[in-house]
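Undergrad: Please see the structure below; I have some questions.
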Amino acid sequence: MYWDEKNECMPREDLGQLQLERLQSTLYRVATHVPFYRQKFKELKVDPDGFRSLSELTSLPFTTKQDLRDNYPYGLFAVPLRDVVRVHSSSGTTGQATVVGYTQNDLKTWANLIARILTATGVTNDDVVQIAFGYGLFTGGFGMHYGAERVGASVIPISSGNTKRQIQIMQDFRTTALICTPSYALVLADAMQELGINTSSLSLKYGLFGGEPWSEAMRQEIQNKLGIIATDNYGLSEIMGPGVAGECRECSGLHLAEDHFLFEVINPETLDPVRPGEIGELVITTLTKEAFPVIRYRTRDLTRIIEEPCPCGRTLRRMQRVLGRTDDMLIVKGVNVYPSQIEHILFEIEGTRPHYQIVVEREGRLDKITVLVEVVESIFFDEMKKQREIIETIKRQLASELGIGVEVKLVEEKTLERSDGKAKRVVDKRKL
Ligand code: DLL
């Protein structure tokens, strides 16, 4: 099922032509209205009127989070504030917040892109959609909301938090689709178990999750516990919010909204494009945004593009689930470590729960990683021998995957902090 078959299944050649035309008008737009880009184009001798082929993309300047901060709040807007009808902002947990704006048209495009990912998961106007993303400056709540209304679903704008109430409403209002972060979906599943609620008594069929990295094992656990089909959905406020990429029912990679954005994958050190299919940093150029167009935005997210066509019939290419962020990468004892590598190993081990935290400390001159992982109650209380075995297995596997030794501590279920939004997986106590 498609929401927008014409654009989702467009022949690649036509798509390339559409992208080129849209890029040309975006370049004209930013060169005319955004002093930052005008200056950059001048420095790099880019002639926005002379842009003839997508292969010239690499001649364009990058935009970074720092550029957005330097132009806080409205410096990169390409329309007067009078034409801006919505403003969102990134959480700003790592430094100053950044501000993004939308025109009426931008909001229409956004709702359509959300309608696409909802439809790709299976949501229709017969569904009751519970949106447990925060409503506010975060793009998750409002972004998903207008797309769900666009599909014609019955939308429950419950926002995040208040787990018991979420469950009560899910039961009473017969929610069929849940939308939240994957870690919060697990919090809900655990809480239901605790309350003795049999999930098969619920009406839930689908879950659209996103906003943070998660693994295939976590998907399986959510699907099993809630009895649903769970898709991965990616986006970022600087580009739009959710809707930038999302999975179809094949659940094997996220279709990129290539008619509205250009995607590149680069080597974050050399800044050159990687070879097709290689892992690198995702770089995105907006093609249709009016209020806040961005050229070659460095997302810091690591992924690879899947070139093979998807059996679902969409011609939009897919990206692999995000493997981590370049700035999440921990350099410990000189070795690059991504939380996703650790998560992957933990979830393969029986008795562990998908709740973990990676604590990095510095003792003297030496870095030390301790992985705290929750284990099921029976193991935590009864079986010392089993505990030792699990610790040894995790240590051995992590050492062979990462090439460095780590400490492992098993903790009781529910000891690690839960979040109703994005989970905090890494605690870096080093003063670097
Ligand atoms: O998290 C937008 C969003 C909301 C996407 C709801 C999907 C669902 P930001 O708060 O700006 O926007 O955070 C963006 O979150 O650069 C990634 O590092 C991470 N992220 C988002 N979705 C995924 C995902 C929203 N599906 C940052 N998998 C991005 C992995 C994700 N990481």
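Values quoted throughout were computed directly from the atomic coordinates according to the rules given, and no laboratory measurement underlies them. None of the values given here were measured: they were computed from a predicted structure. Cβ placement follows ideal geometry from the backbone for every residue including glycine, while neighbour counts extend to all protein chains displayed.
Undergrad: Around residue 342, what is the net charge, scoring Lys/Arg as +1 and Asp/Glu as -1 over all other residues with Cβ under 9 Å from its Cβ?
TA: -1
Undergrad: Let me ask another. Nearest 0.05, what FRET efficiency do residue 348 and residue 49 give at R0 = 45 Å with Cβ-Cβ as r?
TA: About 0.25, to the nearest 0.05.
Undergrad: For a Förster distance of 45 Å, can you work out the FRET efficiency between the beta-carbons of residue 66 and residue 249, rounded to the nearest 0.05? Display every interim value, and only then the final one.
TA: Numbers: r = 39 Å, r/R0 = 0.86.
It comes out at approximately 0.70.
Undergrad: Applying a 10 Å radius around every beta-carbon, put 212-223, 64-75 in order of their mean neighbour count, most first. Walk me through the numbers on the way to the answer.
TA: On the way: 212-223: 18.8, 64-75: 16.1.
The densest-packed peptide leads the list: 212-223, 64-75.
Undergrad: Right, next: Tilt of helix 12-33 relative to the longest C-alpha principal axis of the chain, in degrees (0 to 90, nearest 10)?
TA: 70
Undergrad: Could I ask something else about it? For residue 414, which lysines qualify as cross-link partners when the Cα separation must be under 18 Å and same-chain residues fewer than eight apart are set aside?
TA: The qualifying lysines are 164, 225, 422, 424.
Undergrad: Return the distance in nm (one decimal) between the two label points of a simple spin-label model at residue 331 and residue 193, each offset 7 Å from Cα along Cα→Cβ.
TA: 3.9
Undergrad: Please order 234, 28, 297 by the number of other Cβ within 10 Å, starting at the fewest. Before the final figure, lay out each step's value.
TA: On the way: 234 24, 28 13, 297 21.
Going from least to most buried by this count: 28, 297, 234.
Undergrad: With each run of n ≥ 4 DSSP H residues scored as -39500 (n - 2.57), what mean residue ellipticity at 222 nm is computed for the chain after dividing by its residue count and rounding to the nearest 500 deg cm²/dmol?
TA: Result for the chain: -10000 deg cm²/dmol, rounded to the nearest 500.
Undergrad: Sticking with this structure for a sec: With a ≥ b ≥ c taken as the square roots of the eigenvalues of the C-alpha gyration tensor of the range 45-85, please select rounded if a/c is under 1.5 and otherwise prolate if a/b is larger than b/c or oblate if it is not?
TA: oblate
Undergrad: Please name whichever of 334, 35, 276 sits farthest to the positive end of the charge dipole of the chain, dipole taken about the Cα centre and charges placed at Cβ: Lys and Arg +1, Asp and Glu -1.
TA: Looking along the dipole axis, the top candidate is 35.
Undergrad: A further question follows. With a 10 Å Cβ neighbour count serving as the proxy for reagent exposure, in which order, fewest first, do 208, 20, 118 appear?
TA: The most exposed by this proxy come first: 20, 118, 208.
Undergrad: What FRET efficiency do you get for residue 86 and residue 33 if R0 is 30 Å and r is their Cβ-Cβ distance, rounded to the nearest 0.05?
TA: After rounding, the FRET efficiency stands at 0.95.
Undergrad: For residue 367, what residues show an amide H to amide H distance below 5 Å, using hydrogens built from the backbone and excluding near sequence neighbours?
TA: Correct list: 333.
Undergrad: Taking K and R as +1 and D and E as -1, what net charge do the other residues with C-beta under 13 Å from the C-beta of residue 4 add up to? Let's see the in-between values first.
TA: Numbers: positive: 6, 108, 116, 150, 314; negative: 5, 8, 258, 259.
Computed value for this residue: +1.
Undergrad: So what's the net charge close to residue 121: Lys and Arg +1, Asp and Glu -1, counting the other residues with Cβ under 9 Å from its Cβ?
TA: Local charge sum for residue 121: 0.
Undergrad: Could you list the square roots of 5 times each eigenvalue of the Cα gyration tensor of the chain, that is, the equivalent ellipsoid semi-axes, sorted largest first and rounded to whole Å?
TA: 37, 28, 19
Undergrad: Could you check the spin-label model distance between residue 201 and residue 308? Points 7 Å from the Cα along Cα→Cβ, value in nm.
TA: Distance between the two pseudo-spin positions: 4.3 nm.
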